[in-house]
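Below is one structure; the comments refer to it alone.
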Amino acid sequence: MNPPVELRDAGLRFHDRVLWQHLDLSVEPGEFLAVLGPNGTGKTSLLKVLLGQHALFQGTARINGRPARRGNSDVGYVPQQKGLDEHVPMRGRDMVRMGINGHRWGPGLPSRRLRARVDELIAQVGAEDFADAPAGVLSGGERQRLRVAAALGSDPSVLLCDEPLLSLDLHHQQVVSNLLHRQAAEHDTTVLFVTHEINPVLPYVDRVLYLAGGRFRIGTPREVINTETLSELYRSRVRVVEVDGQLLIVGGDEGAAHHHEPPADAAPEGRIL
Amino acid sequence: MNGLFTFEDYGDLVLLLSDSIWAAALLGVVGGLISVFVMARDIGFAVHGISELSFAGAAFALLIAADVVIGSMAGAVIAAVAIGLGGAKVGEKNAIIGVMMPFGLGLAILFLALYDGRAANKFGLLTGQIVAIRPDQLQLLVWCALLVLVLLAVLWRPLMFASVDPEAAQARGVPMARLSVVFMLVLGVAVALSVQVVGVLLVLALLITPAAAATQLTASPLWVPVLSVVFAVTSSVGGILIALGSPAVPISPFVTTISFAIYLVCRLFGGRRLARHRKLSTRRAAAHA
């Protein structure tokens, strides 16, 4: 059987700047893979490759054995949380409905089957309480739960999440992480989770892909996020400290950032990952 | 009020202008539907820019003795497509509109200065002229309106998806760039149509206000366009019907006043509705704090 996500000798560049290359990665059904690393290392671009929005300059990217392409219903996408105008003509449930058929032409007629499917997805993310409220007045966390439901609308085998916890409160960070974990565990959905912060998802992560300075490491969280491996990856002294089951990454000075990287944010100095 | 309004021969006037009234209703439907997307995509400034450039097109047509309606249509479509191709980001778009608008208006003033025909022709387009329009022009408007309605029906779902959640829509395979250009074309035609009813300066009364009023009352993607159409048709047809009793005043002040009054009423009720939703949202947040 073909792996849900497979990269072979993959390389990505912007103009003449190589972000990463010779990346071999095969993600199993139901696996939860966190993609970590400083800004500008091509984490989001990796998702765009799998969405068919970016081309590799070498190697191949495959979803369920077929080349990555745009509009693939095998792939669901959960973007970053962002504000929405209060008066946008959408309720929570309409966001979910768009995930099912929003890409189709025509005005779209309501049907009992569609409604049942939307209700089912809303129940799956526990959003019954606020599904009928205007999307614009929902909290960021509530909207993000509905986005997960929308991403599941095409019944995908792969879920790509781009910083889905960004600017969510702690409660909703846990709720959304847990939702994605359950989706992976109970429905065998493969989850690729791009994030700055590993800790909210640490209990659920099977493997980590850590990108830094054009290099990368793949392995279990403990194999990758430790003082030796990260120091090697950043080519500078980085310390990983474990406090109450949370991983803190300390250090990584300017030298840590590859000279091609944008300097701001590039070093994880003092940052709780 | 004596002298401003006279309702003698009112019934005859309505009959005489029934074609214009039907056309205004149809253009109201177009305005009501388009305004939903003008709101969702936050492109009010683009609409204003397009309408002013449609004026330049009309002025040019006047100068070369071509059809004014066709001229304004051409100006609007060229402007809309230029804005659509100009930049993806809202800021970039606004800069392009801001650059093009005074240039277009400058051209319009130049064309009008060079034109030595009847002066009334000059200002009809600024304030609307639907009752003064010729039957063949009216026919053109109706065909264009029907075309816009058909295109909107086809584009509706992906366009709404792309407008409110662009990242998710793109990931789902909605062809964002092409959709945006096609929408700008449709918008250009729709603006040119509204220009005929309320004039260049007042198009926003038909292309923003109806949906702005409707979204005060509901967030339902079905009821927002329905209410928006009802409001736009009420404004455009109501404006004409009142104006018929007042030969001294053009239609547009009546259209804009009705449109504004509807908005005010909706806002009054909508404010309470939003406050209720916000309170519920706070309560949910408190429940797990």
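The values are calculated or read from the model by the stated rules, or taken from the named source; none is laboratory data. These numbers were taken from a predicted model, which means no experiment stands behind them. For neighbour counting, all protein chains shown are included, and Cβ atoms are generated from backbone atoms with ideal geometry for every residue, glycine included. Quick note on the areas: whole protein, heavy atoms, side chains included, nothing else; ligands and nucleic acids left out. Shrake-Rupley method; radii C 1.70, N 1.55, O 1.52, S 1.80 Å.
Cβ-Cβ below 7 Å, separation at least six or inter-chain, first residue in the stretch B:262-289 and within 10 Å of another protein chain (Cβ to nearest Cβ), second exposed (fewer than 14 other Cβ atoms within 10 Å of the Cβ) and among the aliphatic types (A, V, I, L, M): which pairs?
Once the first residue is within 10 Å of another protein chain (Cβ to nearest Cβ) and sits in the stretch B:262-289, no partner that is exposed (fewer than 14 other Cβ atoms within 10 Å of the Cβ) and among the aliphatic types (A, V, I, L, M) comes close enough.
Of all residues in the stretch A:76-96 being open to solvent by less than 10 Å² (accessible area, probe 1.4 Å) and under 15 Å from the mean Cα position of the chain (by Cα), which is nearest to the other protein chains (Cβ to nearest Cβ)?
Result: A:79.
Conditions (1) open to solvent by less than 30 Å² (accessible area, probe 1.4 Å); (2) modelled with pLDDT of 90 or more; (3) hydrophobic (A, V, I, L, M, F, W, C), marked per residue:
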| residue | (1), (2), (3) |
| --- | --- |
| B:104 | yes, yes, no |
| B:144 | yes, yes, yes |
| B:151 | no, yes, yes |
| B:179 | yes, yes, yes |
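Can you tell me which of A:143, A:97, A:147 is in a helix (DSSP H, G or I), under 26 Å from residue B:275 (Cα atoms) and touching a strand residue (DSSP E or B) at 6+ places or on another chain (Cβ under 7 Å)? Outline the logic, then answer.
Values: A:143 fails: touching a strand residue (DSSP E or B) at 6+ places or on another chain (Cβ under 7 Å); A:97 fails: touching a strand residue (DSSP E or B) at 6+ places or on another chain (Cβ under 7 Å).
Answer to the selection: A:147.
Identify, by number, the condition in (1) of a type outside the set (A, V, I, L, M, F, W, C); (2) away from chain B (no Cβ under 11 Å); (3) open to solvent by less than 10 Å² (accessible area, probe 1.4 Å); (4) not in a loop (DSSP other than H, G, I, E, B) that residue A:164 doesn't meet.
With respect to (1) of a type outside the set (A, V, I, L, M, F, W, C); (2) away from chain B (no Cβ under 11 Å); (3) open to solvent by less than 10 Å² (accessible area, probe 1.4 Å); (4) not in a loop (DSSP other than H, G, I, E, B), residue A:164 is out only on (4).
Please pick out the residue among B:202, B:241, B:207 that is more than 14 Å from chain A (Cβ to nearest Cβ), open to solvent by 20 Å² or more (accessible area, probe 1.4 Å) and in contact with a Ser or Thr (Cβ under 6 Å, 6 or more places away or on another chain).
Within the list B:202, B:241, B:207, the selection yields B:202.
Give the stretch A:150-161 a look and list any residue that's modelled with pLDDT under 95 and not in a helix (DSSP H, G or I), or say none.
Scanning the stretch A:150-161 gives a single hit, A:155.
Return yes when residue B:109 is buried (at least 16 other Cβ atoms within 10 Å of the Cβ) and hydrophobic (A, V, I, L, M, F, W, C) and no when it is not.
No, not satisfied.
Could you say whether any residue in the stretch A:61-73 is in contact with a Leu (Cβ under 6 Å, 6 or more places away or on another chain), touching a residue at least 40 places away in the same chain (Cβ under 8 Å) and surrounded by fewer than 24 Cβ atoms within 10 Å (Cβ to Cβ)?
Yes, there is a match, as at least one residue in the stretch A:61-73 is in contact with a Leu (Cβ under 6 Å, 6 or more places away or on another chain), touching a residue at least 40 places away in the same chain (Cβ under 8 Å) and surrounded by fewer than 24 Cβ atoms within 10 Å (Cβ to Cβ).
Need a quick list: helices (runs of 4 or more DSSP H) entirely within the stretch B:1-95 having at least 2 residues that are without any contact (Cβ under 8 Å) to a residue 60 or more places away in the chain, touching a Gly at 6+ places or on another chain (Cβ under 7 Å) and more than 24 Å from residue B:221 (Cβ to Cβ).
B:44-63, B:68-86
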